[in-house]
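I have placed the structure first, in the form of C-alpha cells, so that the comments after it can refer back to it.
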RNA sequence: UGCCUGGUGGUGUAAUGGUAGCACAGCAGAUUCUGACUCUGCUUGUCUAGGUUCGAGUCCUAGCCGGGCAGCCA
C-alpha cells in the first residue's frame, strides 16, 4: 500500500513564518524559481534533527515547484570523509523518496561553475539541475549514475577568485597573527577588539601573500585571510572574521590541490549564490552570522540576485540525544551497535528500526517551524509511527515469550484451518489461513495463575478466545518437579469457531497464539527508549541515563507465513506492536525481527 | 553586565486588532474476536505591570525569564 495515500486528506498544507516569506516572494515574482538547499558537513551521520531541515527545505521547494540542492559543506578536510558523503546521500534519498525526489537538485558528475554573462557582466554559475532531469538510461534509480551531490569544494577555484576580488577592493587582508593572538585581539562580547598590526597592508602585499599562502609557502596557522570590517562591532562575527586558513591536509574531494581552505562564513553564502539559492535556511545559532553572510555577498558586487538567510529552531525530541559529539560517544564506547543502531535517532538507525520514511516526515513536518527552543514530546513521534503502520502493516500472529498450551480434545495430528484477517483497516480486507493444532504457544503474559483484578486473559478455570480460532477453557496446569509450568491443558470449544453457531459467544479476553508444530522460531529484538529521562542532553553526565533495558532479545515463535517476509515488509504482530526484518542481521532461514514500536497499551498502567 | 533572538494548556503548534483553535499526552465512557484502532465527553493556556483601542495573545512602554554568539569547526 502506498504510504502517501494514507495521509489524512484533512492535513492542512504546512504554514509557518518561513513559508509565509517564501509565499510573499512568490507573489511578488521576486525569483524565477524558488531554490533551497540542504547543506550538511560530511563529518557524521544525519539524525532526526537533520530530518526536519531536510523536510523544510525539500518541502518548500516541492510546494513551490522549485528545487532543493543537496550540498556537502566540505570546507574542513580534517574532519570529513567520503564515508559520510555516501551515508548522507543515501539517507536523504531514503527520506524524500516518493515525496520530493523530483525536486532534489544534483549536479552532473564532475561539474564545476562555468563563466556566464549576466547583466552584461562576467559571473560564475553552476546551474542546479533537478534530479528528475538527470535521469540516465543506464539507471532506473533516477540520477544516481549520472549525478552526485553538490560540494562546496566544487567552488574552491571560484571562491579563491572572490577572495582576490575582496583583497583588491581593500576589503580583506592577510594577517600574520597566530591563532592565539587572533583570539586575544578579538575582545569579548561586551568589550571591543583591537585591530591587528597587519590590518593595513597594501593591496599588492596582500595579493602577494595570499597567493603565496595558496602556493604552500607557509605552515598551518602562520597566516590567514581576514575580512576588513570592524573590530569594535558589537557582533563578534563582524570583528574581521577569518576567510581562509592554511591547512596542509588533503581533501576527500580535491586531494592535495589546496593547502588553504575557506571557512564556513566565506564559503557558505557564496556557494548559495553560485547555485542560485534563493532562500538559505539554517538553524538559529547562525542568526548572528547573518550580517556577515550579507556583508560578503554585498561587497563583491555580484550581478545576480543574492540569496537570503532565514533561521529556525532545531528539533529536539524528548528521550533522545542529537548532539553529534554525544552520539559519537555512544558509538565509540559501544553502548550501541554502530551509527545505525535501531535505538539511535540517526536516520540510518531509524530506517534500520523499520520506521517508515513517511512517518518520520509526518512527525518532523507536524512539529512546525518556529524560532522557539522547544522539547518535543517523543509521544508525538510514536503516534506518527503508529498511525502510518496501523494503516499499512499486515497483521500476523507471533508469540514473543511462548508457553505451551495443549488442546486436549484435538487429535495429535489434527489441523484446523482458521482464517485470519491481514489488515482490518483495509476497505476490503484480505485473509490468510493459519493452522490450529493440538499444541500451540501462547504469550506467557497472557496467563496468570494468580490473576490481578480485571485480568481478561487466561486464568485457572477461565476462558479466553484464541484469535481467529475458538474459545478455550483452562482445565489443568502441569508443572515439573521444580514447580515450573510445563504446559497448560485446555478444552477447545469448537462450536465457537468463525462460521460456527456459537461464534458470537463473548468472552472478555482474546489472545494471540501460534501452532507449536506449524510455526517458525526467530530472533526478535525488543527495543525501548535509549534513555530513561526526558531530557538526557540537559546535563553532561548523559551516559548515566542510558536505559539498561533498551534492548531485550527473545526467541519468538512466528506463524509460518512470516518465513517468507522481506525487509520491505512491515508487520503488526497482533496485540504486541509493529515489527520489521532487520536489514543487516537477517539471513535466509534465520530471520531477525526488530520491534519498531509497541502498540499503545492502556492496560499496562 | 555587549549584540542577536524568543516567551500561548503538561508538550508542540495556530490565531497576522474581533468567539484563544488543533495535535499529542492525561482522565472518563462507548465499541471491540487486537486491553489496538475507532467514537463520545472532560481537565488544563496567552510571562508580569502599565498604556493605546469600542475591543489586545496580537500594537506601544517598562520589567521578568529563556536560548544563541567570543573555533584558524560547521
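Each value in this text was obtained by applying a stated rule to the coordinates, not by laboratory testing. Keep in mind that what you see is a predicted model, and the values were worked out from it rather than measured. A quick note on method: Cβ atoms are made from the backbone with ideal geometry, for glycine too, and the neighbour counts reach across all protein chains shown.
What do you get for Rg/Rh over the stretch A:421-497 if you use C-alpha atoms and the Kirkwood form of Rh? Intermediate values should be presented prior to the final figure.
Working: Rg = 15.0 Å, Rh = 14.4 Å.
Radius of gyration relative to Kirkwood radius: 1.05.
What value does the stretch A:1-132 have for Rg/Rh, both radii from Cα atoms and Rh as Kirkwood defines it? Mind showing how you got there, number by number?
Values: Rg = 16.7 Å, Rh = 16.6 Å.
Using Cα coordinates only, the ratio equals 1.00.
Cα-based values for the stretch A:476-605, radius of gyration first and Dmax second, are 19.6, 65 Å. Can you tell me how the stretch A:19-91 classifies by the Cα gyration tensor, rounded, prolate or oblate, using a/c under 1.5 as the rounded cut? Prolate, because a/c is 1.5 or more and a/b exceeds b/c.
In whole Å, what is the distance between the alpha-carbon centres of the stretch A:179-248 and the stretch A:396-450? So the two Cα centres are separated by 74 Å. Kirkwood-type hydrodynamic radius, the stretch A:480-543: 18.0 Å, calculated from all non-identical alpha-carbon pairs. As a test, work out the antiparallel percent of DSSP beta bridges whose residues both lie in chain A, rounded to the nearest 5. Just about 75 percent of them are antiparallel. The residues A:35, A:553, A:406, when put in order of fewest to most other Cβ atoms within 10 Å, stand as A:553, A:406, A:35.
Taking 1 over the mean of 1/r across every pair of different Cα atoms in the stretch A:526-591, what Kirkwood radius in Å do you get?
14.4
Restricting attention to the stretch A:185-323, close to 60% of DSSP beta bridges with both partner residues there are antiparallel.
Which whole-number percentage describes the relative contact order of the stretch A:308-362, with Cα contacts under 8 Å and a sequence gap of 6 or more?
18
Relative contact order of the stretch A:321-472: 14 percent, from C-alpha pairs under 8 Å at least 6 residues apart in sequence.
Fully extending the segment from residue A:494 to residue A:28 would add 160.5 nm, taking 0.36 nm per residue of separation and subtracting the current Cα-Cα distance.
Helix A:203-215 versus the longest principal axis of chain A: what is the Cα-based angle in degrees, 0 to 90, to the nearest 10? Tilt relative to chain A: about 40 degrees. Shape annotation for the stretch A:222-320: C-alpha extents along the principal axes are 42, 35, 31 Å, from largest to smallest.
Note on the stretch A:372-467: along the principal axes its Cα atoms extend 66, 38, 20 Å, ordered by decreasing extent. Taking max minus min of the alpha-carbon positions on each principal axis, the stretch A:290-388 gives extents of 50, 34, 23 Å, largest first.
Could you work out the Kirkwood radius for chain A, taking every pair of different alpha carbons, averaging 1/r and inverting it, reported in Å? It would help to have the intermediate numbers written out before the result.
Values: mean 1/r = 0.0358 Å⁻¹.
Computed over Cα pairs of chain A, the Kirkwood hydrodynamic radius comes out at 27.9 Å.
If you bin all the Cα-Cα distances of the stretch A:556-602 at 10 Å, starting from zero, the percentages per bin are 26, 58, 15, 2.
Any idea what angle helix A:156-168 forms with the longest principal axis of chain A, computed on alpha-carbon atoms, 0 to 90 degrees, nearest 10? Helix A:156-168 and the main axis of chain A meet at about 40 degrees. Report, to the nearest 10°, how far helix A:378-392 tilts away from the longest principal axis of the Cα atoms in chain A, using its own Cα long axis and a range of 0 to 90°. With rounding to tens, the tilt is 60 degrees. Take every Cα pair under 8 Å whose residues are at least 6 apart in sequence, average their separation, divide by the length of chain A, and the relative contact order is 11 percent.
Taking every DSSP beta bridge with both residues inside the stretch A:456-605, roughly what % is antiparallel (nearest 5)? Don't skip to the end; give the middle numbers.
Values: 30 of 35 bridges.
Rounded to the nearest five, the antiparallel share is 85 percent.
The Rg/Rh ratio for the stretch A:57-200, using Cα coordinates for both the radius of gyration and the Kirkwood hydrodynamic radius, is 1.10.
Which of rounded, prolate, oblate describes the stretch A:149-206, given a ≥ b ≥ c as roots of the alpha-carbon gyration tensor eigenvalues and a/c under 1.5 marking rounded, otherwise prolate only if a/b is larger than b/c? Don't jump to the answer; show the numbers that get you there.
Numbers: a/c = 2.64, a/b = 1.49, b/c = 1.77.
Oblate, because a/c is 1.5 or more while a/b does not exceed b/c.
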